[in-house]
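One structure is given here, and the rest of the page talks about it.
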């Protein structure tokens, strides 16, 4: 089973990289961008075939290592 | 004063920290490789700067979950003075020993320069040799030193005297220009600037010495 | 089994490998048969310009490489000089031009990684990184992006491995618009009895691979660096290697730990042409054969062919020959540092490089032919025509011209760059970037190394011989100006297409001038690198033989810096000023021309004046000193005032027009500042020694004033212009502001 994890900065946490991207896109003439946020994408190949237990396990991985919940949110997709 | 410098793969200010400790305390610190969890009892633990685990994932994230940090946390909670500089500070926030997080500099660049900062609390075990409000110059060298915490935490840190140092000017976007903080108990200090790089005039100044001297005075 | 050798060798394939018909015929004759695909690849990289120096070898042999303090000259991974007390400085400079143009961050980063490996391979702990960077004109649409990426890459790598980047030079010129130069230099320290070389020895001894795994990155990097650029080279992105400074840091520590034992017979880093050039060089130097079992090579990707493994330029890898029976001990060290360790072969007495894969021999080539049969070309050349001396017009507004120079792209502060480099880690940087030379203490002593990288391509273009002399002399002068004794140089010779006679003439001329200067100053060349074919669509770069000089000072407490130290100091000019504005920065930047002959370098005067100034510093008579170079006297005065945050007022006399006195780039000149009494002593001593000397004026106030106000600039304006140019310029690079 594959887990796809997106880690993003929480709303309200200043994202200097996102701001720079937004600014750069604007300068390049892409004026349809209202905001940009930069995050991380992590892909895991899991041994588990059981969805419920995998979800629980990956959630724990996120809380314990993959995301810093002081500043970051995460979302998990399993397939 | 018997001290230990914890060395992770990718630490690179471990030697600088050891040189400073030896010069100031007169005693060579124990260099502890991260796999040596059961290192000797020491009076002072230093987490040096560098790029442990290459700063991959997040600065300090992997080191914070290492076995040796379980031991360091245990000893810090038992009251052993514990000091993290730069990557060491990042590790301390990642373990939760210190609140908040260190994010990418607001200017996005790595920044290496001398900065002026103010001793906000001269009553801690790490700052007692300084005068309250003393302005000191210490270099920074980091890419991720932008201190973040929620308003409530920031208020608490300031209210309880846990903010040890503040930058005089904004250099990295840190909230309330925070450069270094202690835990509530006051035995854990994390800071982005490198006092171990300012210990003799040839290097540009000696303002870093008093930090180590403060701890020495306390420990006798 | 599919091993790549089923691919048929066709004339097109040979051509794609950068080999001409004659070279291919040479291979067939050396082997006594047609090479297979794997072998063709190996020959092509070994015989590339990058590895074989086929266009340059003939001329390089003429350079002086010896002195009593030279332990190892060119031919090893890096040069080694004796700095006394049983210690050696080990250093080299290398180019990473093409990769940095294609992908500036990774190109520059891996350039730093490669040069670090060249130095720690020899047993040295790297203690300082330097660089020499050239970009296109500031207004060129790619310049900002390239500059931002290169600086970030150099910092990203050097900061992470924890070796301070202590200085360098950065310049702009339109000739680099399509072909930037990224030259990186590393200096390391070792004990003289603990230096490691690459000559393999001992039939049967294990050949060991350590470091990162091998992937497909960088395949054909070495041949790419030897081919001219065309517009579509930008499509060749996948061949660019990616650096991992974290692994490099571990590799440094693991290698130095193993080097502290007696297990290593020979060691070599895998640089350009990776496993091929490292194994061939080790075997060739030792006069032995190598048999490699490619199935044992740690691989990052599936189904790699022998050709790919041999040509891969994956970073952070080393090859070693160990004493028999030491494998387990060595393996433990590398496992502690979480690095791959694999015995991939052994030494043979066949004199061949023999490659096995899937139980079959897939390549078998005489080592001799790979190295010694490589073609050597004595390419035809025409010397650059000599230019006459010219009188250069005065500016319409002298004050504005000075302001434009000090606050312009070529003389402005590089703070924006070096604040992105950790220049203090390791705790021995006692002269930070921004001075004449970087100074790094020898750890645990009062001794220090002084390091400077220099070249003035404008001069090299105007007169290659004079430019070659000047490049060497300027590093010598910069090292002298901090109070150190210059000992030896490394170089990075960046030129255009050597198959063009005029370009080859530049190359030959520059080398002639460099050789003369090295001999006259007792300042030999101990290592170096040649980068040819630096041109895009037929337009070549200015000839750029970048020189990296290293010197030593016994007592670093006496070191001089450029900053004026407070008011009331007397400023003294040492050396004669002549009417030499040809090919000057003033002429180029303000008048937009490069005409006339460049300043003449008289090496006897250079030495005499330099030795005099160094003695002043060593005697403690002077702790403020700056050499004069681009922008002449006025630029040097401005630098010193800005750095010291104090004004200065000078009077210049003589028959030369004022703009010549202030902007001429006559060589062998220094400004020193000291108390009035000492200044008078210095004046007398100089007079007695027959050295032209002039007491110019005094420090104080907050203005830079010449001849009572003929030129009068506020220090605050100068400082703002000097510090402002680069941050303002880079603010327009959105992701890097």
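Oblate is the label for the protein assembly as shown, because the ratio a/c of its alpha-carbon gyration tensor axes (a ≥ b ≥ c) is 1.5 or higher and a/b is not greater than b/c. Between residue C:400 and residue B:217, the modelled label-to-label distance comes to 5.9 nm, taking each label 7 Å out from Cα in the direction of the beta carbon.
Once C-alpha pairs closer than 8 Å and six or more residues apart are averaged by separation and normalised to the residue number of chain B, the relative contact order reads 20 percent. What separates the Cα centres of the stretch C:122-185 and the stretch B:96-139 is a distance of 30 Å. The alpha carbon gyration tensor of the stretch A:2-78 gives principal lengths a ≥ b ≥ c with a/c of 1.5 or higher and a/b greater than b/c, which makes the shape prolate. Once both labels are positioned 7 Å from their Cα atoms along Cα-to-Cβ, the gap between residue B:155 and residue B:22 label points is 4.9 nm. Rounded to the nearest 500, the helix-only mean residue ellipticity at 222 nm of the protein assembly as shown stands at -9500 deg cm²/dmol, with each DSSP H run of n ≥ 4 adding -39,500 (n - 2.57). Quick check for you: which residues of the stretch C:104-128 have the amide N under 15 Å from the point 7 Å beyond the Cα of residue C:191 toward its beta carbon? Answer for the stretch C:104-128: C:123-125. Ordering C:181, C:250, C:60 from the fewest to the most neighbouring beta carbons within 10 Å gives C:60, C:250, C:181. Here the stretch C:259-279 and the stretch C:20-79 have alpha carbon centers that stand 18 Å from each other. Measuring from a point 7 Å past the Cα of residue A:25 along Cα-to-C-beta, which residues in the stretch C:141-168 have an amide N at less than 11 Å? No residues fall inside that zone. Here the residues C:203, C:371, ranked from fewest to most Cβ neighbours within 10 Å of their Cβ, fall in the order C:203, C:371. The distance between label points at residue C:332 and residue C:619 comes to 5.9 nm (points 7 Å beyond Cα on the Cα→Cβ vector). Across B:98, B:57, B:47, mean-square fluctuation computed from a Gaussian network of chain B (C-alpha pairs under 10 Å connected) peaks at B:57.
Just checking the listed ones, B:78, B:164, B:174: in the Gaussian network model of chain B with Cα springs under 10 Å, the one fluctuating most is B:78.
Short-range pairs are left out: with C-alpha atoms under 8 Å and at least six residues apart, the relative contact order of the stretch A:2-78 is 51 percent. Shielding of peptide C:158-168 by partners, expressed as the average count of other chain Cβ atoms within 10 Å per residue Cβ, is 3.
Taking the stretch A:35-55 and a reference point 7 angstrom along Cα→Cβ of residue A:4, the backbone N atoms nearer than 13 Å belong to A:41-44. Rounded to the nearest 5, the antiparallel percentage of DSSP beta bridges internal to chain B is 60%. Rounded, prolate or oblate: which one fits the stretch B:3-219, using the alpha carbon gyration tensor with axes a ≥ b ≥ c (rounded when a/c is under 1.5, else prolate when a/b beats b/c, else oblate)? Here the stretch B:3-219 falls in the rounded category. Within the listed set A:37, A:63, A:51, the residue fluctuating most in the Gaussian network model of chain A (springs between alpha-carbon atoms under 10 angstrom) is A:51. Counting neighbouring Cβ atoms within 10 Å and putting the fewest first, the residues A:56, C:8 line up as C:8, A:56. From the P(r) of the stretch C:470-546, could you give the percentage of C-alpha pairs in the tail past 18 Å? Everything past 18 Å amounts to 43 percent.
None of the figures in this text is laboratory data; all of them are computed from the coordinates on show. Keep in mind that what you see is a predicted model, and the values were worked out from it rather than measured. Heads up, the Cβs are rebuilt from the backbone with ideal geometry, glycines too, and the neighbour counts pull from every protein chain shown.
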